[in-house]
Amino acid sequence: MTVNSLTFLAFFGVLALVYYLVRPRFQWMVLLAASIFFAASSGARVLLYLCYTSVTTFFAVRWMGGIDEAFSKSLAENGKAWSPAEKKAQKEQNKKKKRHVLVALLVLNIGALALTKYSGFLLENLNLVLGFVGLGAVPVLRLAAPLGISYYTLQSMGYALDVYKGKVKPEKNFAKTFLFVGFFPQMTQGPIGRFKDLAVQLYDKHPFCYENLAQGCRLLLWGFFKKCVIADRMNPMVSQVFDNYQGYGGMTLFLGCIYMSIQAYADFSAYMDIVSGFSRILGIRLAENFHRPFFSKSLAEYWRRWHITLSSWFRDYLFYPLSISKPAVKFGRFGKAVFGVRIGKLFPAVFALFIVWFSTGLWHDASWRYILWGVANGVVIIGAMILEPQFTWMKKKLHVREESGLWQVFCMVRTFLIVSFLKVFPGPADTAGTLGVIKGILTDFRPEFSYAALFPGIEKGDLLFVLFGLVLFFCVSLVQERKPERATFAGRNVVVRWGCYFVLLAGILCMGAFEISMVGGFAYAQY
């Protein structure tokens, strides 16, 4: 049951009606029942893994919370009799106990993710090593990863880490913990919520609000427009290029990378608009996951604007701890001794960034093409950090004014082309295809200007729909970027406002690519 299906629309309509008819104190229970139903409709296995993550997370955070509560009680009763050294020793002991609980939870949940998502990949590569040294192969176990496990695992682990650090108090109601872990609109593709921001909204009372309904419907319209008119219409172009890369020249292959970059953004941001719209109707604001990434002036900025909740999760829970860890500090000392102080200072960040981007690639998919994609992103960002003084010197010599509009546009186009070229890694179906596409782009420079070479896999009528959608998408994004106060429909003339709504709705119905069932999955659901 995808969020853009008629089945889901009917399901949500019933849910919203019941949600606002019951007493407000029972609303969170309605959300819980809806989340359980949504997970169960995806298969018993999905519900089972969701329960597993919720149970392990609930008991682990309660255990850690119990350690803190026992210490606070003991401190209140006997604190005056303790010396500062005794208090410090007790705190260290409690922290150690909590760390053991946290590690056990991480092993259980990351282990479940690894077993379902990465077991086949790891065993295949183990067999390659065994074959190389002349040993026999081991049986390859292949398990399909349950829907959404990559997302709710990170969300629940972030919650546990925040409890460990004392940033949030553990939830004492298991049903509410389950709702936080498996809230149905965001379960399959995020955004990855933080407990302190999302939980209070899920458990709070939400009286009906017309403004929430209006804002939610606007998000739904915009999301469905991007999904049906742009993403789904462009999908055949992307598939045609990467499924038949042997038959295309380097120019068409690079265009395929550009098309994939645009199509992926339209698809993923459309999903976020749709689930944010459904949630807003219920009075719940999900975290922002996109901030117009194609206006970024560097790859690092792009990743601060794209899939924001995933990027911030890796930043807060992986990059920062790694960058101050003992191995990173030792690596920094090595860098200072060999390359000098300036470069050496960057080494802890380089150490952490490499692991983060390797992990990001692996998180997306258990394949070398995604690992290479992640590492390539990391290499570009690390290279920009190391070469920043040289870039600054070069801009000074060329008298480049960074505030000039022309330079800003150049940086945006440059970043977009880098992002698009990196799509060469995940675009094809396998690593051999990735290498084949890279070879074609870097060695075949024949210019081809036929329609089939410029716009493969799409009819001319469909292309006009796509172009209309892209022009509208760009104009709205440009207004949002330059003058966000003018990008909202709220408060505008009623004729203008409803005229815009009509254009979007007519575009969806007349130009959208969907069947009568409106069943069409979203690309990021596979991760």
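The values are calculated or read from the model by the stated rules, or taken from the named source; none is laboratory data. Because the structure is predicted, anything quoted here is derived from the model rather than measured. Cβ placement follows ideal geometry from the backbone for every residue including glycine, while neighbour counts extend to all protein chains displayed. Surface accessibility is based on the protein's heavy atoms, side chains included, excluding ligands, DNA and RNA. Shrake-Rupley method; radii C 1.70, N 1.55, O 1.52, S 1.80 Å.
Some notes on this structure:
- Residues being surrounded by 12 or more Cβ atoms within 10 Å (Cβ to Cβ), assigned to a helix (DSSP H, G or I) and of a type in the set (G, A, S) - total across the range 114-139: 3
- Candidates are the residues of the range 172-203 that are closer than 26 Å to L21 by Cβ and free of Cβ contacts under 8 Å to residues at least 60 places away in the same chain; the one that is most open to solvent (accessible area, probe 1.4 Å) is V200.
- Inside the range 447-466, residues that are outside any loop (DSSP other than H, G, I, E, B) and open to solvent by 80 Å² or more (accessible area, probe 1.4 Å) make up a count of 2.
- Complete set of residues in the range 16-31 that are in contact (Cβ under 8 Å) with a residue 12 or more places away in the chain and either surrounded by fewer than 19 Cβ atoms within 10 Å (Cβ to Cβ) or within 24 Å of A104 (Cβ to Cβ) (or both): A16, V18, Y20, P24, R25, M29, V30
- Condition check for A104: touching a Leu at 6+ places or on another chain (Cβ under 6 Å), at pLDDT 95 or above and aliphatic (A, V, I, L, M): no
- Any chance L435 is closer than 15 Å to L372 by Cβ and over 23 Å from the mean Cα position of the chain (by Cα): yes
- Selected residue (only one of T434, T443, T392, T415 is open to solvent by 40 Å² or more (accessible area, probe 1.4 Å), touching a helix residue (DSSP H, G or I) at 6+ places or on another chain (Cβ under 8 Å) and among the polar types (S, T, N, Q)): T443
- Qualifying positions in the range 140-196 - part of a loop (DSSP other than H, G, I, E, B) and among the aliphatic types (A, V, I, L, M): V140, L141, L143, A144, A145, L147, V168, M187, I192
- Residues that are free of Cβ contacts under 8 Å to residues at least 60 places away in the same chain and open to solvent by 50 Å² or more (accessible area, probe 1.4 Å) within the range 369-384 comprise just one, V379.
- Residues within the range 82-94 that are closer than 21 Å to K165 by Cα and either in contact (Cβ under 8 Å) with a residue 40 or more places away in the chain or surrounded by 14 or more Cβ atoms within 10 Å (Cβ to Cβ) (or both), tallied: 2
- Filtering the range 197-213 to residues that are among the charged types (D, E, K, R) and part of a loop (DSSP other than H, G, I, E, B) leaves D204, K205.
- Residues that are surrounded by 12 or more Cβ atoms within 10 Å (Cβ to Cβ), among the hydrophobic types (A, V, I, L, M, F, W, C) and over 30 Å from A104 (Cα atoms) are absent from the range 53-74 altogether.
- Taking the conditions (1) under 13 Å from the mean Cα position of the chain (by Cα); (2) open to solvent by 40 Å² or more (accessible area, probe 1.4 Å); (3) more than 17 Å from K196 (Cα to Cα) in turn, P321 satisfies each one other than (1).
- Taking the range 421-462 as the range and being among the β-branched types (V, I, T) and under 16 Å from A376 (Cβ atoms) as the test, the residues that pass are V424, T431, T434, V437, I438, I441.
- Residue count for the range 229-271, restricted to those that are over 19 Å from F449 (Cα atoms), among the aromatic types (F, W, Y) and over 21 Å from the mean Cα position of the chain (by Cα): 0.
- Put simply, of E301, E288 the only residue that is more than 17 Å from S420 (Cβ to Cβ) and surrounded by fewer than 21 Cβ atoms within 10 Å (Cβ to Cβ) is E288.
- Only one of G79, G111 that is modelled with pLDDT of 90 or more and either of a type outside the set (A, V, I, L, M) or surrounded by 15 or more Cβ atoms within 10 Å (Cβ to Cβ) (or both): G111
- Subset of the range 410-437 [among the aromatic types (F, W, Y) and either out of contact with any Phe, Trp or Tyr (no Cβ under 6 Å at 6 or more places or on another chain) or not in a helix (DSSP H, G or I) (or both)]: F410, F421, F425
- Among the residues of the range 352-365, those identified as surrounded by 21 or more Cβ atoms within 10 Å (Cβ to Cβ) and more than 15 Å from the chain's Cα centre (by Cα) are A352, L353.
- Filter result for L108 (part of a helix (DSSP H, G or I) and either over 25 Å from the mean Cα position of the chain (by Cα) or under 22 Å from W368 (Cβ atoms) (or both)): no
- Pairs with Cβ under 7 Å, 6+ apart, first in the range 246-259 and in contact (Cβ under 8 Å) with a residue 40 or more places away in the chain, second open to solvent by less than 10 Å² (accessible area, probe 1.4 Å) and β-branched (V, I, T): Y248/V241; T252/V241; L253/V241; L253/V437; G256/V241; C257/V424
- Cβ pairs under 8 Å, 6+ apart, first in the range 444-473 and in contact (Cβ under 8 Å) with a residue 60 or more places away in the chain, second open to solvent by less than 60 Å² (accessible area, probe 1.4 Å) and among the basic types (K, R): I458/R233; D462/R233; F465/R233; V466/R233; G469/K226; G469/R233; F473/K226
- Long-range neighbours under 8 Å by Cβ, at least six apart or interchain, first residue touching a residue at least 24 places away in the same chain (Cβ under 8 Å) within the range 59-77, second open to solvent by less than 80 Å² (accessible area, probe 1.4 Å) and not in a helix (DSSP H, G or I): V61/P170; V61/E171; R62/P170; M64/P170; G65/P170; D68/G166
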